[in-house]
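Peer 1: The structure is given below, and queries will be raised subsequently.
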Amino acid sequence: MFSDDDYEKLIDNVYTNLPEKLTKTERFEMPKFEFFTEGNKTIIKNFKVVSDKIRRDQQFVAKHFSKELAVPVEVAGDRLILQRKIMGDMLNKKLEEFVSKFVVCKQCNRPDTNIQELGHGLKQLMCESCGARTPIR
Ligand SMILES: [Zn+2]
């Protein structure tokens, strides 16, 4: 059995011994919501920061979360107010789902994408890095 200390040393070692190029990853760094609850509301403090980072319109992200969580939401400046107490890490789990569906390119895994409206409610994800187009369902 390892003690916590041993485990941390082990992890430290693993990281120190990684070759430089492996630690400098080009993968997209998943943003995280910072939030707190107030009465029956949940308030995401860094909603604008996260929306900007994933380059999606705040209203678009808000609408998605409202639908996914079945809760009324309101964009208030840089914050998003959800009219319900949302427990634990549900919000960040939903954010990850959102990013993998609406942001990250399915071909090259980069986040440099746009959403294109095709009409009739159809959308596609267009990648600026590799040019891939993926329908969004
Ligand atoms: Zn791509």
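The values are calculated or read from the model by the stated rules, or taken from the named source; none is laboratory data. All values derive from a computational prediction rather than experimental measurement. Please note: Cβ atoms are built from the backbone with ideal geometry, for glycine as well, and neighbour counts cover all protein chains shown.
Peer 1: State whether the residues of region 77-87 include one that is more than 16 Å from the ligand (Cβ to nearest atom), within 16 Å of K32 (Cα to Cα) and modelled with pLDDT under 95.
Peer 2: yes
Residue-by-condition table, conditions (1) more than 21 Å from A62 (Cα to Cα); (2) modelled with pLDDT of 70 or more:
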site	(1), (2)
S3	yes, no
Y7	yes, no
I11	yes, no
N17	yes, no
E20	yes, no
F28	yes, yes
F35	no, yes
N40	no, yes
N46	no, yes
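Peer 1: For region 88-127, which positions are within 16 Å of the ligand (Cβ to nearest atom), in a loop (DSSP other than H, G, I, E, B) and either in contact with a helix residue (DSSP H, G or I) (Cβ under 6 Å, 6 or more places away or on another chain) or within 18 Å of E29 (Cβ to Cβ) (or both)?
Peer 2: If the condition is that a residue be within 16 Å of the ligand (Cβ to nearest atom), in a loop (DSSP other than H, G, I, E, B) and either in contact with a helix residue (DSSP H, G or I) (Cβ under 6 Å, 6 or more places away or on another chain) or within 18 Å of E29 (Cβ to Cβ) (or both), then V103, V104, C105, C108, N109, R110, P111, D112 are the ones that fit.
Peer 1: Cβ-Cβ under 6 Å, sequence separation 6+ or interchain: first residue in region 37-53 and closer than 19 Å to F102 by Cα, partner in a helix (DSSP H, G or I). Which pairs?
Peer 2: Close Cβ pairs (under 6 Å, with a partner that is in a helix (DSSP H, G or I)) amount to S51/Q58; S51/V61.
Peer 1: Here is a further query. Hey, does region 54-70 have a residue that's within 16 Å of the ligand (Cβ to nearest atom) and within 16 Å of the chain's Cα centre (by Cα)? Before the answer, list the steps.
Peer 2: Here is the first cut: in region 54-70, the residues within 16 Å of the ligand (Cβ to nearest atom) are 54-55.
Narrowing the set further to residues that are within 16 Å of the chain's Cα centre (by Cα) leaves 54-55.
Yes.
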